[in-house]
Amino acid sequence: RKYGDSVDDVLAWGKESAARLAELEGADDRADVLQIRLDMLRADLTTCAAELSGARQLAAVDFGARVTTELSHLAMGKAVVQVDVVRRPDPDGLLLAAEPEPVRFSRHGVDDVEILLAANPGAPSRSIARAASGGELSRVMLALEVVTSAGDVPTFVFDEVDAGVGGKAALDVGARLAALALSAQVIVVTHLAQVAAYADRHLVVRKTDDGHITASGVVVVSGEERLRELARMMGGVEDSNVAMEHAKELLGQASTNRADAAAAVPGR
């Protein structure tokens, strides 16, 4: 009764117990085999981690230089971006040939990767989260996305990306946003006509007040209405012939630049 309700149950229990006993008695042999297997996998892991880390070190230099160049077109000509690739010591980690002691590893390798920004000459390089203001952070993000153009993110939303920017620099910001829009949907909140002129679709947020309730709505502007909106954004007036001509010239220039950028992309 202790080992089953029938003879068959007792025999089954005896068979399972004998198999379990044999497994336990051979545990030492299996542990040795598993240790050999573990050492082989650890050696393979160390080789792969070293190759990945080396590739990251090379890519970091090129990537930082390209983002820095991109920022020079976004009214941040003095800023320098660096990609910091470092390893952290861990006594239980992997021992790489170039390291005097084992380093920490994870499913992503042995490196901690951080993007650093020196916003002004002589300023120390710090994490972007601490070194960049709101407008600078948006522009750095824009530069990063234009350089990578990975296409993994379907939609980007930029606010204050043109903060502290005007004139030709604003045109450059608009052109870079248009370049990013070739591979993703880009939504930009802006008060600059130079940036808005590059949009494929121009939307305006308008507030209405009937004396009792104030409401906001979004409308799409096109044709003459868009020209009047651009004129208003540039000079505060929308019924000036000079402002309308300026808006028309700005929109034509942006359309030409956007078409040239699209033609330069393979497959478009």
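Looking only at region 43-63, residues that are in contact (Cβ under 8 Å) with a residue 40 or more places away in the chain and open to solvent by less than 60 Å² (accessible area, probe 1.4 Å) come to 6 in all. For Ala178, the conditions (1) buried (at least 19 other Cβ atoms within 10 Å of the Cβ); (2) small (Gly, Ala, Ser); (3) in a strand (DSSP E or B) all hold with the exception of (3).
Contact map, region 81-105: residues that are touching a residue at least 12 places away in the same chain (Cβ under 8 Å) paired with residues that are open to solvent by 40 Å² or more (accessible area, probe 1.4 Å) and of a type in the set (Ser, Thr, Tyr), Cβ distance under 6 Å, separation 6+ or inter-chain. Pairs shown: Gln82/Ser125.
Restricting to region 1-30, name every residue that is of a type in the set (Gly, Ala, Ser), surrounded by 11 or more Cβ atoms within 10 Å (Cβ to Cβ) and assigned to a helix (DSSP H, G or I). Answer for region 1-30, where residues must be of a type in the set (Gly, Ala, Ser), surrounded by 11 or more Cβ atoms within 10 Å (Cβ to Cβ) and assigned to a helix (DSSP H, G or I): Ala12, Gly14, Ser17.
Within region 83-107, the residues that satisfy the criterion of being out of contact with any strand residue (DSSP E or B) (no Cβ under 7 Å at 6 or more places or on another chain) and surrounded by 11 or more Cβ atoms within 10 Å (Cβ to Cβ) are Leu95, Glu99. Checking every residue in region 131-139 against the condition of being under 16 Å from the mean Cα position of the chain (by Cα) and more than 27 Å from Val195 (Cβ to Cβ) gives zero matches.
Conditions tested, residue by residue: (1) of a type in the set (S, T, N, Q); (2) open to solvent by less than 40 Å² (accessible area, probe 1.4 Å); (3) assigned to a loop (DSSP other than H, G, I, E, B); (4) in contact (Cβ under 8 Å) with a residue 60 or more places away in the chain.
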| site | (1), (2), (3), (4) |
| --- | --- |
| Ser138 | yes, yes, no, no |
| Glu145 | no, no, no, no |
| Val153 | no, no, yes, no |
| Val161 | no, yes, yes, no |
| Gly174 | no, yes, no, yes |
| His191 | no, no, yes, no |
| Asp200 | no, no, yes, no |
| Ser216 | yes, no, no, no |
| Leu230 | no, yes, no, no |
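For region 108-136, taking the residues that are among the charged types (D, E, K, R) and closer than 30 Å to Asp44 by Cα, the one that is least open to solvent (accessible area, probe 1.4 Å) is identified as Asp111. The residues of region 82-106 that are assigned to a strand (DSSP E or B) and not small (Gly, Ala, Ser), listed by number, are Gln82, Val83, Asp84, Val85, Val86, Pro89, Asp90, Pro91, Asp92, Leu94, Val103.
Looking across region 64-81, the residues that are part of a helix (DSSP H, G or I) and open to solvent by 50 Å² or more (accessible area, probe 1.4 Å) come down to Ala65, Arg66, Thr69.
Screening Val204 on (1) part of a strand (DSSP E or B); (2) open to solvent by less than 70 Å² (accessible area, probe 1.4 Å); (3) under 20 Å from Ser138 (Cβ atoms) shows it passes everything except condition (3). Within region 232-247, the set of residues being surrounded by 11 or more Cβ atoms within 10 Å (Cβ to Cβ), more than 19 Å from Gly174 (Cα to Cα) and of a type outside the set (S, T, N, Q) comprises Val237, Glu238, Ala243, Met244, Glu245.
The values are calculated or read from the model by the stated rules, or taken from the named source; none is laboratory data. This structure is a prediction, so every number in the text was calculated from the model and none was measured. Cβ: placed from backbone, ideal geometry, glycine included. Neighbour counts: every protein chain shown. SASA here: full protein model, heavy atoms, side chains in, ligands and nucleic acids out. Shrake-Rupley method; radii C 1.70, N 1.55, O 1.52, S 1.80 Å.
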